[in-house]
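Undergrad: What follows is a structure written as structure tokens; I'll ask about it next.
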Amino acid sequence: MSNDTSNNSDRDRVLQLDPDMRDMPREVRDIISPKPLTGQDTLQFRCHPGIACFNQCCSHIEILLTPYDLLRLRKRLNLTAEAFLFQYATPYTMSKGQLPVAMMRMDEETGRCPFVTAEGCSVYSDRPVTCRYYPLGLALLHRQQTTGNESFYFLIKEDFCKGHQEPQQLQVEAWRQDQGVVDYDEKNRHWMELIVKRRSAGDATSTSLQLSEFFYMASTNPEKFRQFVFNSTFLKRYQVDKETAERILKDDEAMTDFALAWLKTVLFGDQEIKVNPEAIAELKAKKGAAS
Ligand code: SF4
Ligand code: SF4
């Protein structure tokens, strides 16, 4: 194993956030097979601890952290959201007008992932979805003319990765099942939809600082979002039943899901969380009387 690699892998840029490959930098396009894959296509690949390139893919990379990645890693490390973000993450905005995401912070001196060890990934059963998918990427497209999103997979082929030379063949869907990404994709559904919809609106659409902050908070810090929900007029302004309120009070996963569904309501009028018209009218009347 060699950790001193100069591979400039860019896995995050090709996973989930960059469905339009024409927007990608040349060095990223060069490692992506242009053929879109379905779940039924065949992948020739195997990764195992005895392989010559073991751990080479865990340095000099940018790994995007989805909301469910963060929940799993935090639980594994027994850290609060604040502590995890401070130590292991950094905010990143792909381009003007887009929503900010959390990226894994690599070691500044070595460029290594903080979780890589000589024996492999120290958080393997809770590793991020980007690491699980590799050497595949998932692209999501939002079509204005149709309802919902379209998705496809694609192959990332980097010279240093010897897994492509292994004889094992399996279907893309079998790889997804084997790597445990199906559950991750389902749990990140609201988050992915928000990013894709926002991206489809283009860079010309401005994203206010307040919206960016809410999105980053909803995606990364359920503890802080909980304070916002329970220590403001939120529960008056929106219809939140008792059962949901109790669930989001205790459960970070439920809180994250709720926060992102609320953002979909605010941004796109998806009506996932319904407003309380009487309370809104009352608040407006109070505001009017005070001014
Ligand atoms: S989280 Fe694990 S698999 Fe992913 S880059 Fe770090 S060490 Fe490698
Ligand atoms: S085969 Fe590819 S994914 Fe596996 S350790 Fe080697 S570089 Fe990483």
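Undergrad: So residue 218 ticks every box in (1) at pLDDT below 90; (2) more than 16 Å from ligand 2 (Cβ to nearest atom) but one. Which box is left unticked?
TA: Only one criterion is unmet by residue 218, namely (1).
Undergrad: Looking at this structure, is residue 208 under 30 Å from residue 141 (Cβ atoms) and free of Cβ contacts under 8 Å to residues at least 40 places away in the same chain?
TA: Against the criterion (under 30 Å from residue 141 (Cβ atoms) and free of Cβ contacts under 8 Å to residues at least 40 places away in the same chain), residue 208 qualifies.
Undergrad: Then there is this: Which of the residues that make up region 234-291 are closer than 19 Å to residue 210 by Cβ, among the aliphatic types (A, V, I, L, M) and within 26 Å of the chain's Cα centre (by Cα)?
TA: Of everything in region 234-291, those that are closer than 19 Å to residue 210 by Cβ, among the aliphatic types (A, V, I, L, M) and within 26 Å of the chain's Cα centre (by Cα) turn out to be 259, 260, 261, 263, 266, 267, 273.
Undergrad: Scan (1) modelled with pLDDT under 95; (2) crowded, with 20+ Cβ neighbours inside 10 Å; (3) of a type in the set (Val, Ile, Thr) for the single condition residue 147 breaks and write down its number.
TA: (2)
Undergrad: Follow-up. Would you mind telling me which numbered condition in (1) more than 24 Å from residue 189 (Cα to Cα); (2) away from ligand 2 (no atom under 12 Å from the Cβ); (3) touching a strand residue (DSSP E or B) at 6+ places or on another chain (Cβ under 6 Å) residue 141 fails?
TA: (1)
Undergrad: Now for a separate question. Run down 260, 283 and say which single residue is over 19 Å from residue 187 (Cα atoms) and hydrophobic (A, V, I, L, M, F, W, C).
TA: 283
The values are calculated or read from the model by the stated rules, or taken from the named source; none is laboratory data. Worth saying up front: this structure is predicted, and the values here are computed from it rather than measured. Virtual Cβ from ideal backbone geometry, glycine too; neighbours counted across all protein chains shown.
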